[in-house]
Structure formats: C-alpha cells, structure tokens
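Okay, structure first, notes after.
The values are calculated or read from the model by the stated rules, or taken from the named source; none is laboratory data. Because the structure is a prediction, the values reported are computed rather than measured. Glycine also receives a Cβ, built like all others from the backbone with ideal geometry; neighbour counts cover every protein chain displayed.
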Amino acid sequence: MRNPLFVMAAAAALAAAFALPAAAAPTGDTIVTFEITAGTLDITVPATADLGAVAAGATSVSGQLGAVTVTDTRGALDATWTATVSSTSFTTGGATAAETIPASAVTYTPGAATATSGTATFTPGTAADLATPITAFSATAIVGNNSATWNPTITVALPPAAVAGTYTGTITHSVA
C-alpha cells in the first residue's frame, strides 16, 4: 500500500510541474496628441485723439494719444516684435505752407508700459520726431503669448507763422 502522504506529495509535485504560469493582466496603450494653433500679432490704437487748444503764438501743443496695445497670441518660442509709429503733416484750411505743420515737428514719447502680460522683455522706444518712422515699443525673449500697453505723449512744435484753425493729421502704428 502506498503512503497517502506520498501520493499527495507526488500529485502536488506533478501538478506544479505542469501548471501554467499565471497570465499577465491585459494592457493597451493609447498615444494621445493635441495641437496648439498659432494666433496673431495685432495692434490696437485710439480711433481719435484731441490734443486740446492753445492760443495763437504758442510754441507747442501736447497731450496723450491714448492706450496703444500690442497683443501677441502667436504662442512662439524666443520671438520678438517691434511696434513702429509714423505721422503725416498736420494741416488746416487749404493746407498752404502757413496751414501745414510737418511731421518733423511732431514728437512721440512712448513712456513706460502701463500694462504688460506674458513672458517677454518689453522696451519703450526713445522719444523722437516723426519725420521718419521710429520704434514705439518692442518685445524680445518672448515665450508664449504676451501683450504690452502704453500711452504715448504727442508734442507738436508750432511754427511762429502757424495760422489759427483746427489741424488734422494721422499718426500710424504698425507691428511686426
């Protein structure tokens, strides 16, 4: 007669020898993607500005233009932008020589930023006349979206021969 413990031990050894390994839990991988689309580089400016009134014989008129804002939603890495400004002559009446103040008599002073957002180094331009386009503001070392707002001062030097009247000119900002 066989020893029942021996039979049980032999059966257990035989079962262990032919046992299948435990199956691993099933897995599945999903590759996930998404896209961030580039936005735009825009500038907004006041539609109109009134520098006020001065008496005939005054040497200049000056005032703030209003908020100028560059909004950069390009989402770029290590980008830059530069806002430039130019001016037409200011004229009244029939735009004769005595009724015209040249752009070279118009000084643009950007001043410090009144608001900024995002990661960038924002730098105001240097005050200068608008005989030729000048840098109003710039941004360097940009990472992602950003914006800057400033409120420039416009000073118009009035020639002694300027005649009385309402003078109109156009100050143009652009950004690239």
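List of remarks:
- Any hit, segment 129-137, residues being on the phi < 0 side of the Ramachandran plot, in contact with a helix residue (DSSP H, G or I) (Cβ under 9 Å, 6 or more places away or on another chain) and buried (at least 20 other Cβ atoms within 10 Å of the Cβ): yes
- Checklist (1) more than 24 Å from the chain's Cα centre (by Cα); (2) modelled with pLDDT of 95 or more; (3) more than 16 Å from ILE171 (Cα to Cα) applied to ASP50, failing item: (3)
- Checking each residue of segment 89-101 against the condition of being more than 12 Å from the chain's Cα centre (by Cα) and under 30 Å from ALA38 (Cβ atoms) gives no match.
- For ALA56, the criteria (1) more than 16 Å from PRO159 (Cβ to Cβ); (2) touching a residue at least 40 places away in the same chain (Cβ under 8 Å) hold in every case but one, which is (1).
- Where SER117 falls short, out of the listed (1) closer than 20 Å to THR44 by Cα; (2) assigned to a loop (DSSP other than H, G, I, E, B): (2)
- Top-ranked residue in segment 153-176 [being surrounded by fewer than 16 Cβ atoms within 10 Å (Cβ to Cβ), of a type in the set (Gly, Ala, Ser) and more than 28 Å from the chain's Cα centre (by Cα); ranked as modelled with the lowest pLDDT]: ALA161
- Looking only at segment 28-47, and only at residues there that are at pLDDT 95 or above and hydroxyl-bearing (Ser, Thr, Tyr), the one that is surrounded by the most Cβ atoms within 10 Å (Cβ to Cβ): THR44
- Scan of segment 56-100 for residues that are part of a loop (DSSP other than H, G, I, E, B), at pLDDT 95 or above and among the aliphatic types (A, V, I, L, M), ordered by number: ALA58, LEU65, ALA67
- Number of positions in segment 122-143 that are under 16 Å from ALA176 (Cα atoms) and either of a type outside the set (A, V, I, L, M) or not in a strand (DSSP E or B) (or both): 9
- Counted residues, segment 23-53 - those being farther than 30 Å from TYR167 by Cα and without any contact (Cβ under 8 Å) to a residue 60 or more places away in the chain: 17
- Cβ-Cβ under 7 Å pairs, at least 6 apart or on other chains, segment 78-102 side surrounded by 17 or more Cβ atoms within 10 Å (Cβ to Cβ), far side among the aromatic types (Phe, Trp, Tyr) and assigned to a strand (DSSP E or B): ALA83/PHE137; VAL85/TYR108; ILE101/PHE90
- Residue pairs meeting the criteria (Cβ under 6 Å; at least 6 apart or on separate chains; first over 18 Å from SER86 (Cα atoms), in segment 119-130; second of a type in the set (Val, Ile, Thr)): THR119/VAL143; ALA120/ILE142; THR121/THR140; PHE122/THR116
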